[in-house]
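Here the structure is laid out as structure tokens; the discussion comes afterwards.
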Amino acid sequence: MDGTYGDSTRSVKAVGSEAVPGEPVAPMPVPASTYHLSPDETEPLDSYGRSSNPTWRQLESALAELEGASAALTFGSGMAAITSALRVLAKPGTKLVVPADGYYQVRRYATEYLAPQGVTVVEASAAGMCEAASEADVVLAETPVNPGLDVVDLHRLAMTCRARGATLIVDNTTATPLGQQPLSLGADLVVASATKALSGHSDLVAGYVAGSHPELMAALERERLLAGPILGAFEAWLVLRSLGSAGLRFERQCANAQALAVMLRAHPAVRSVRYPGLPDDPSHAIATLQMKRFGGLVAVELADADAVHALVERSALLIASTSFGGIHSSVDRRARWGDAVTGGFARISLGIEDTDDLLADIEQALGAATGRWA
């Protein structure tokens with residue numbers, strides 16, 4: 001594919017089908033669990049639904065194309081993708097670094113399941129990731145981190161891992177391959193939840209791993225076969241169908257996030273705002289070097305939990321919902337899930353609504369709350 005193509009063109013071309021007269025333009029799902037075997041017992045491409053599926057291959061080809069990888073593997077969720085990669089790489093006796101400020105379920109898995117098996121688990125913030133990596137065997141970085149939106153310097157981290165001989169895995173969920181490409185910055189593997197912006201319609205759960213090391217990808221495929229954390233064929237088709245519009249949707253989400261971050265920074269009801277696209281954000285300099293777009297999430301701190309609840313109640317466009325990346329703008333008060341944030345901290349996921357409508361709606365919702373909670 002021509003590297004000069006824009007992201008919407010890349011997204012559309014990635015999900016295209018071969019131009020065969022009489023065949024569908026859009027790939028169709030294949031929900032089969034069993035297939036006809038060859039009478040001579042030679043191994044067919046597809047034999048059983050847990051080992052392979054034509055719809056997986058179509059989706060995996062598209063994901064590899066977008067991530068700049070030689071191969072991709074789909075999984076039943078983002079966590080299934082992450083934990084599969086960790087099981088393959090973080091063996092007893094190894095030292096694993098995980099984000100202290102990233103998705104909390106990853107830390108729980110590492111400490112509750114890997115540590116008892118003899119894996120030394122080290123939690124490091126975005127700022128401390130490179131120092132921790134200097135003594136690690138496997139490093140899992142998330143950038144921007146969820147929910148605080150700090151940014152990890154991926155080039156520096158990759159150089160540190162390379163000098164150490166450590167394997168670097170990067171969770172690219174928040175940025176998406178339309179916002180950054182960690183493999184081009186030196187990562188060995190990309191893991192991500194396709195549940196979020198890539199599928200973008202809040203109607204499925206999916207994950208994937210992408211990379212260009214054949215032996216490592218083969219080991220991950222073997223892990224998927226034996227452990228069975230597969231993606232359903234219909235869900236794979238839904239992601240594939242959604243990818244075609246991902247570039248267009250993500251462009252609007254990022255534009256909405258940038259505009260909202262600017263507005264919130266000046267609002268008297270807001271105590272702090274984090275968004276890598278703001279020129280005065282602590283992560284802006286690094287983000288500018290490694291990100292093409294700054295993402296569709298904005299982190300905001302209001303006075304307390306009641307202020308967040310009032311924002312949602314008074315808004316006509318924001319919905320209270322966990323997860324992110326959908327077409328609807330949403331708010332998630334992260335302290336309710338146990339994240340180490342204040343009670344008034346909220347992660348706002350921007351949808352594809354018209355920018356002016358969103359800004360006017362959120363400004364009036366905050367304005368109504370200002371007198372009580374500012």
Next on the checklist: Residues that are β-branched (V, I, T), surrounded by fewer than 18 Cβ atoms within 10 Å (Cβ to Cβ) and at pLDDT 95 or above: does the stretch 106-118 have at least one?
Outcome noted: yes
Checklist entry - In this structure, is A126 surrounded by 24 or more Cβ atoms within 10 Å (Cβ to Cβ), in the same structural domain as P31 (by TED's automatic domain parsing) and farther than 21 Å from Q290 by Cα? => result no
Item to check | Scan of the stretch 318-335 for residues that are touching a residue at least 24 places away in the same chain (Cβ under 8 Å) and farther than 20 Å from A206 by Cα, ordered by number | outcome: L318, S329, D332, R333, R334, A335
Checklist entry - Within the stretch 96-130, how many residues are small (G, A, S) and touching a helix residue (DSSP H, G or I) at 6+ places or on another chain (Cβ under 8 Å)? => result 3
Next on the checklist: What's the total number of residues in the stretch 57-68 that are touching a Ser or Thr at 6+ places or on another chain (Cβ under 9 Å) and either surrounded by fewer than 24 Cβ atoms within 10 Å (Cβ to Cβ) or farther than 27 Å from L114 by Cβ (or both)?
Outcome noted: 7
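A quick yes/no check of all residues on (1) modelled with pLDDT of 95 or more; (2) under 24 Å from T195 (Cβ atoms); (3) surrounded by fewer than 19 Cβ atoms within 10 Å (Cβ to Cβ); (4) more than 24 Å from the chain's Cα centre (by Cα):
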position	(1), (2), (3), (4)
L264	yes, no, no, yes
V273	yes, no, no, no
A285	yes, no, yes, no
L311	yes, no, no, yes
G326	yes, yes, no, no
A340	no, yes, yes, no
A346	yes, yes, no, no
G351	yes, yes, no, no
T355	yes, no, yes, no
Checklist entry - For the stretch 19-51, which residues satisfy the criterion of being among the β-branched types (V, I, T) and surrounded by 10 or more Cβ atoms within 10 Å (Cβ to Cβ)? => result V30
Next on the checklist: Please go through (1) over 21 Å from the mean Cα position of the chain (by Cα); (2) closer than 22 Å to L243 by Cβ for N146 and return the number of the only condition it doesn't satisfy.
Outcome noted: (1)
Checklist entry - What number of residues within the stretch 251-281 satisfy the criterion of being in a loop (DSSP other than H, G, I, E, B), out of contact with any helix residue (DSSP H, G or I) (no Cβ under 8 Å at 6 or more places or on another chain) and within 19 Å of A346 (Cβ to Cβ)? => result 2
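Listed here are the residues, each with its yes/no results for (1) surrounded by fewer than 22 Cβ atoms within 10 Å (Cβ to Cβ); (2) at pLDDT below 95; (3) closer than 17 Å to A71 by Cα; (4) not β-branched (V, I, T).
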| site | (1), (2), (3), (4) |
| --- | --- |
| D150 | no, no, no, yes |
| A166 | no, no, no, yes |
| Q180 | no, no, no, yes |
| S184 | yes, no, yes, yes |
| S193 | no, no, yes, yes |
| S202 | yes, no, no, yes |
| E215 | yes, no, yes, yes |
| A218 | yes, no, yes, yes |
Next on the checklist: Can you tell me how many residues within the stretch 50-108 are farther than 20 Å from L198 by Cα, hydroxyl-bearing (S, T, Y) and over 15 Å from the mean Cα position of the chain (by Cα)?
Outcome noted: 4
Next on the checklist: Could you tell me how many of the residues in the stretch 296-321 are part of a loop (DSSP other than H, G, I, E, B) and among the small types (G, A, S)?
Outcome noted: 5
Item to check | Looking only at the stretch 69-92, and only at residues there that are of a type outside the set (K, R) and in a loop (DSSP other than H, G, I, E, B), the one that is surrounded by the most Cβ atoms within 10 Å (Cβ to Cβ) | outcome: A90
Checklist entry - Are there any pairs, at least 6 apart or on different chains, whose C-beta atoms fall under 7 Å, with the first in the stretch 30-51 and over 13 Å from I230 (Cα atoms) and the second of a type in the set (S, T, Y) and outside any loop (DSSP other than H, G, I, E, B), and if so, which? => result V30/T55; T34/Y48
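The values are calculated or read from the model by the stated rules, or taken from the named source; none is laboratory data. Small disclaimer: the values here were computed from a predicted structure and weren't measured. Using ideal geometry, Cβ is built from the backbone for each residue, glycine included, and neighbour counts are taken over all protein chains shown.
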